[in-house]
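Inspection log for the structure reproduced underneath, given as structure tokens.
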Amino acid sequence: MKDAFGAPQSLLVLGGTSEIALATARRLIALRTRTVRLAGRPSPALDAAAAELRARGADVRTVDFDALDSESHEAVLGEVFAEGDVDMVLLAFGIAGDQERDEEEPLSAVRVAQTNYTGAVSAGLVCAGALQAQGHGSLVVLSSVAGERVRRADFIYGSSKAGLDTFAQGLGDALHDTGVHVMVVRPGLVRSGPVRPGTAPDDATGTTGAGETAAGTAATDPVAEPVAVAAVAGITDPTGTAGSGSGTRVDARGGTRIGAPWIGTSRAGAPWIGAPRVEAARLAAARFASAPLEASSLTTTPDAVAEAIVAGLRRRSETVWVPGSLRAVMSALRHVPRPLFRRLPL
């Protein structure tokens, strides 16, 4: 059961070498989480992650888990729940894939979809049923802003995350009023710090790095470069017709500004993009893409995502954006006309 402060006392991580998941586990252990199960493919990285958390005072055990082996999920995860109640499940596995290769090799694309979506559906339903049977608990699903509006540059990965995101939302609705809380977390580009010794993610079939990467590579949530082009959508407004307000915050309810671009609202109150100019959009996107990564307010870190997860658990949030500014940015991006969207340098 959760303690008086809302912190879970037991945690099951699906994707046991994920930097985000491990950062979350560290925070939860500091808040009195005492039992941690790290599920993933057997590897030195998984063992090292368990040892680190064990050194922080938690009872930690690894669980052999493969996201692609859906037939084993019920038995493997059932054993974990049979040991005692699980207060929180963190579904954190996934792979980014390689868009160019995956387009040329359909089986590689299928592997991305099966890991990120099919495997998550299977594991998610097994855990949801177990949580419902015990009458309480939280299921936290790591999604991505890449699934909000799928880009040409990563539509295979993005579509798998879009499927996962909508599945998790529907599952949350199905479990409403059952005592089980489902929370979807949508990080932007995750900047990974130095890889801790022995904790580099494996091929991510059952585990994942900060940005779902293969071992030894930099974290790259494929929303990558200009997720801020969400606001870019050509929204430079030389005619002054984009919407009311001078705005200094990203807010889809009124005229707002991110650098030069503007977002406005129609008379009906729906977000819209005023006076789109393709060339202006390209220039704005290029400016963002060439800016230092650390300067972007739309990037995040594993620790920041972990902090947001813990805060979301405390509030029993249903959706968490990290950073929070992505919520309005992606709202604008969803309304960019498709002919314009496909011409943006995304």
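Tell me which of these LEU340 doesn't satisfy, since it passes every other one: (1) aliphatic (A, V, I, L, M); (2) under 20 Å from GLU148 (Cα atoms); (3) open to solvent by 20 Å² or more (accessible area, probe 1.4 Å); (4) modelled with pLDDT of 50 or more. Here LEU340 meets the rest and fails (3). Within region 316-329, the set of residues being buried (at least 18 other Cβ atoms within 10 Å of the Cβ) and over 16 Å from VAL305 (Cβ atoms) comprises ALA328, VAL329. Quick check: anything in region 160-182 over 23 Å from GLY312 (Cβ atoms) and surrounded by fewer than 23 Cβ atoms within 10 Å (Cβ to Cβ)? No: region 160-182 contains no residue that is over 23 Å from GLY312 (Cβ atoms) and surrounded by fewer than 23 Cβ atoms within 10 Å (Cβ to Cβ).
Applying a threshold of 7 Å to beta carbon distances and a minimum spacing of six or more residues, or different chains, the list of pairs starting in region 308-324 at a residue that is under 12 Å from GLY172 (Cβ atoms) and in contact (Cβ under 8 Å) with a residue 24 or more places away in the chain and ending at one that is open to solvent by less than 50 Å² (accessible area, probe 1.4 Å) and assigned to a helix (DSSP H, G or I) reads GLU318/GLY172. Could you go through region 34-43 and let me know if any residue there is surrounded by fewer than 21 Cβ atoms within 10 Å (Cβ to Cβ), touching a strand residue (DSSP E or B) at 6+ places or on another chain (Cβ under 9 Å), not hydrophobic (A, V, I, L, M, F, W, C) and not in a loop (DSSP other than H, G, I, E, B). Yes: one or more hits. Here the strands (runs of 3 or more DSSP E) wholly within region 47-146 that include at least 1 residues being surrounded by fewer than 16 Cβ atoms within 10 Å (Cβ to Cβ), without any contact (Cβ under 8 Å) to a residue 40 or more places away in the chain and not β-branched (Val, Ile, Thr) are 59-64.
The values are calculated or read from the model by the stated rules, or taken from the named source; none is laboratory data. Remember, predicted model here, so these are calculated numbers, not experimental data. So basically every Cβ, Gly included, is an ideal-geometry build from the backbone, and we count neighbours across all protein chains shown. Areas reflect the complete protein model, heavy atoms only, side chains present, ligands, DNA and RNA absent. Shrake-Rupley method; radii C 1.70, N 1.55, O 1.52, S 1.80 Å.
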